[in-house]
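See below for the structure under consideration.
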Amino acid sequence: MTNSEYEKMLEVFALTKNFIRQQIDLGFNEVYNPVKTKKPPVKKEERFINTSLEDFHQQIKNCKKCHLCKTRTNFVFGVGNPEAELLFIGEAPGRDEDLLGEPFVGAAGKLLDKMLAAIQLSREEVYIANILKCRPPENRDPAPDEIEMCQPYLLHQIELIQPKIICALGRISAQALLRTKSPLNQLRGKFHDFMGIKFLVTYHPAALLRYQTYKKFAWEDLQFLRKEYDKLTGS
Ligand code: SF4
């Protein structure tokens, strides 16, 4: 093989890798697309007493239910207004979040702050949490058993916060909560029903950093979100 053929082959590999990554981000592994999701069953031992959000944080912060407790630096509970009308749910802590114990503090977090500012909201007004409270090694996708074990914590956070709208950031949280494999581009653009709460899906800020072309769709989602927020909160 000549040098130029070799370089061409590497270029094709790089393009293919990028394409596959893009398809995964969009969630192209569709099976069905539900519109109404009841609260998933919670085992008796996982029903929590209704305390304050901070008491609940203290109660679960040393969780060792799954193996991610062995590799985490910090447990990442969530941040924001405990009485927020709008709850954002991401995937799992990344490296920066694991180090600081707060969700969305790295580059993706900065972009999320800008997205909030674009619809005249701040981090202090909303609440931000993740599907998983501990970082998966090498920022890999959360495994189904990890989601299963961690999800009761998030569901109880939702019960305590009682938001009027939930916005899932990225396909992982959207698919996990809506219990679907429908691709992100089919889930976005409409409100779903999650436990009686309006549920919107948009891109994860990390995906927006990788693929600028999604930004215009994310902007549409944000405007849609703000309109419904105004309607439900009388803003
Ligand atoms: S990821 Fe969730 S279930 Fe697993 S150890 Fe952390 S808090 Fe516990």
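The values are calculated or read from the model by the stated rules, or taken from the named source; none is laboratory data. Remember, it's a predicted structure, so these values are computed and weren't measured experimentally. All Cβ positions, even for glycine, are placed from backbone atoms using ideal geometry, and neighbour counts span all protein chains on display. Areas reflect the complete protein model, heavy atoms only, side chains present, ligands, DNA and RNA absent. Shrake-Rupley method; radii C 1.70, N 1.55, O 1.52, S 1.80 Å.
Worth pointing out:
- Residue in region 26-36 that is modelled with pLDDT of 75 or more and part of a helix (DSSP H, G or I) present: no
- Residue match in region 142-162 (condition: acidic (Asp, Glu) and open to solvent by less than 20 Å² (accessible area, probe 1.4 Å)): yes
- Complete set of residues in region 109-132 that are in a helix (DSSP H, G or I), open to solvent by 10 Å² or more (accessible area, probe 1.4 Å) and without any contact (Cβ under 8 Å) to a residue 60 or more places away in the chain: 110, 113, 114, 117
- Candidates 90, 94: the one that is more than 10 Å from the ligand (Cβ to nearest atom) and buried (at least 23 other Cβ atoms within 10 Å of the Cβ) is 90.
- Restricting 185, 139 to those that are open to solvent by 10 Å² or more (accessible area, probe 1.4 Å), more than 30 Å from residue 50 (Cα to Cα) and within 16 Å of the ligand (Cβ to nearest atom) reduces the list to 139.
- Conditions (1) over 26 Å from residue 59 (Cβ atoms); (2) in contact with a helix residue (DSSP H, G or I) (Cβ under 9 Å, 6 or more places away or on another chain); (3) open to solvent by 10 Å² or more (accessible area, probe 1.4 Å); (4) not in a loop (DSSP other than H, G, I, E, B): number failed by residue 176: (1)
Each row is one residue, and each column tells you yes or no for (1) within 16 Å of the ligand (Cβ to nearest atom); (2) among the aliphatic types (A, V, I, L, M); (3) assigned to a helix (DSSP H, G or I).
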residue: 134; (1), (2), (3): yes, no, no
residue: 148; (1), (2), (3): yes, no, yes
residue: 152; (1), (2), (3): yes, no, yes
residue: 157; (1), (2), (3): yes, no, yes
residue: 163; (1), (2), (3): no, no, no
residue: 166; (1), (2), (3): no, yes, no
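- Within region 188-218, the set of residues being open to solvent by 70 Å² or more (accessible area, probe 1.4 Å) and in a strand (DSSP E or B) comprises 198 only.
- Residue, nearest to the chain's Cα centre (by Cα), within region 168-182, restricted to residues that are within 16 Å of the ligand (Cβ to nearest atom) and not β-branched (Val, Ile, Thr): 173
- Restricted to region 103-153, and to residues there that are among the basic types (Lys, Arg) and more than 17 Å from residue 63 (Cα to Cα), the residue that is farthest from the chain's Cα centre (by Cα) is 114.
- Extreme residue, most open to solvent (accessible area, probe 1.4 Å), among residues of region 55-77 that are more than 8 Å from the ligand (Cβ to nearest atom) and part of a loop (DSSP other than H, G, I, E, B): 62
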